[in-house]
Amino acid sequence: MRLIIALALAVGVFAPKNIDAADVSLSKADFANASLGSMDENVFDLALGAASCAVKSGAVDGPRTLTIIDYSRPSTEKRLWVVDLTTRELLYEELVAHGQGTGANYASKFSNNADSHQTSLGLFVTDATYVGKNGYSLRLDGLDKGINDRARDRAIVMHGAPYVSDAFVRANGRLGRSWGCPAVSDAVARQLIDRVKGGGLVFAYYPDADFLKTSKYLRGCA
C-alpha cells in the first residue's frame with residue numbers, strides 16, 4: 001500500500017491539500033515589506049485583488065501560492081513570479097514562454113479558442129500533475145468565463161521546455177514558443193510545478209482593454 005501511495009504522489013494523483021483560508025495573506029498591507037523582485041507593483045496589486053476575489057467568492061479555497069505572469073514584458077526577460085501566500089516570500093522569478101499565435105518576442109494576441117496556439121489571460125487554478133508529451137506537466141483550469149475557461153479542453157498546462165533558457169535567447173534573440181502553454185525552463189520545471197500544484201492560483205496579465213474590463217476577478221467578482 002505504501003508503494004502505491006508513493007507512486008500516486010509521484011505522478012500527481014493526490015494533489016496537496018490547500019490550507020485554511022484564514023492562513024492565506026491576500027491583503028496588500030501584508031506585503032508592504034515583501035520582496036517582489038522585478039515584478040511591477042501594479043501588476044502584483046491586480047493579481048492579489050483577483051486572488052482575493054476568487055477566495056471570497058468561493059471559487060477557490062485557501063491557495064498556498066500565487067503565480068504571476070506579466071506578458072507585457074518581452075520573452076527575453078524574467079516575467080513569471082511565484083509568491084508564497086502564507087510566508088509572503090518570493091519563491092521563483094523565471095522566464096516563461098507564450099504561444100506561437102501570441103507573438104514573437106513580445107506577446108500581443110490572446111485567445112480562449114481551440115487550435116489558436118495563443119496564450120490565455122486571466123486567473124487559473126492549478127490541479128494535479130501528469131507525465132505527457134512535454135514531460136512532467138501541471139493541469140490548469142481557467143476561472144475567467146469567456147477568457148480562459150477552455151484551458152482544460154485546450155490542454156493548456158504548465159510544463160518545461162528546452163526552448164526556455166538564457167542560452168536559447170542568446171542564440172535566437174527570444175524564447176521559443178509553445179502552443180499556448182506557460183512553458184518554463186526544464187531546469188526548474190519539476191520543482192516549480194510541485195510547489196504550485198494542487199490548488200495554487202496563476203494570474204496571467206497583459207494590458208488588454210477587454211480583459212481588464214470583463215474579467216470577473218478584476219471587477220470585485222461583480
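Just so it is clear, none of the values below were taken in a lab; they were calculated from the coordinates. Being a predicted model, the structure only gives us computed values, none of them experimental. Neighbour counts are summed over all protein chains in view; Cβ atoms, including those assigned to glycine, are modelled from backbone coordinates with ideal geometry.
What is the fewest-to-most order of 117, 98, 159 by other Cβ atoms lying within 10 Å of their Cβ?
117, 159, 98
Kindly list the residues of the stretch 86-119 that lie in the label zone of residue 188, defined by a backbone N under 12 Å from the point 7 Å along the Cα-to-C-beta vector.
Zone members listed by number: 90-97.
Report, in debye and to the nearest 20, how large the dipole of the stretch 73-205 comes out about its Cα centre when Lys and Arg carry +1 and Asp and Glu carry -1 on their Cβ.
Details: 17 positive and 14 negative charges, 54 e Å.
Value, rounded to 20: 260 debye.
Sort out for me the Cα centre separation of the stretch 73-111 from the stretch 147-210, rounded to whole Å.
7 Å
List the lysines whose Cα lies under 23 Å from the Cα of residue 145, skipping any in the same chain that are fewer than 8 positions away.
Once the sequence-local lysines are set aside, what remains near residue 145 is 56, 109, 197, 213, 216.
Under a crude label model (7 Å from the Cα following the beta-carbon direction), how far is residue 209 from residue 152 in nanometres?
3.4 nm
Can you give the local net charge around residue 78? Use residues other than it whose beta-carbon is closer than 11 angstrom to its beta-carbon, Lys and Arg +1, Asp and Glu -1. Let's see the in-between values first.
Details: positive: 73, 79; negative: 70, 77, 93, 94, 166.
So the environment of residue 78 carries a net charge of -3.
Only one of the listed values, [x] 1, 7, 16, 20, 21, 17, 10, 5, 2, 0, 0; [y] 1, 6, 13, 15, 13, 10, 8, 7, 7, 6, 5, 4, 2, 1, 0, 0; [z] 1, 7, 14, 17, 17, 14, 11, 8, 6, 4, 1, 0, 0, was derived from the coordinates as P(r) over Cα pairs in 5 Å bins from 0, in percent; which label is it?
Calculated P(r) over Cα pairs in 5 Å bins from 0, in percent: the matching label is [x].
What does the charge count around residue 219 come to, taking other residues whose C-beta lies under 15 Å from its C-beta (Lys +1, Arg +1, Asp -1, Glu -1)?
0
Restricting to Cα pairs below 8 Å that are 6+ residues apart, what does the relative contact order work out to for the stretch 37-218? Please round to a whole percent.
In percent, rounded to a whole number, it is 27.
Determine, for 181, 53, the number of other Cβ atoms within 10 Å of each Cβ, and report the residues in order from fewest to most.
Going from least to most buried by this count: 53, 181.
Of the beta bridges DSSP finds with both residues in the stretch 37-218, what % are antiparallel, to the nearest 5?
Just about 70 percent of them are antiparallel.
Net charge near residue 111: determine it from the other residues with C-beta under 10 Å of the C-beta of residue 111, scoring Lys and Arg +1 and Asp and Glu -1.
On the way: positive: 109, 150, 154; negative: 115.
Around residue 111, the surrounding residues sum to +2.
What distance in nm lies between label points placed 7 Å from Cα along the C-beta direction at residue 172 and residue 100?
So the label points at residue 172 and residue 100 sit 1.1 nm apart.
Using 0.36 nm per residue of separation minus the Cα-Cα distance, give me the extension gain between residue 34 and residue 115 in nm, one decimal.
Numbers: separation 81, 0.36 × 81 = 29.16 nm, distance 3.95 nm.
Fully extending the segment from residue 34 to residue 115 adds 25.2 nm.
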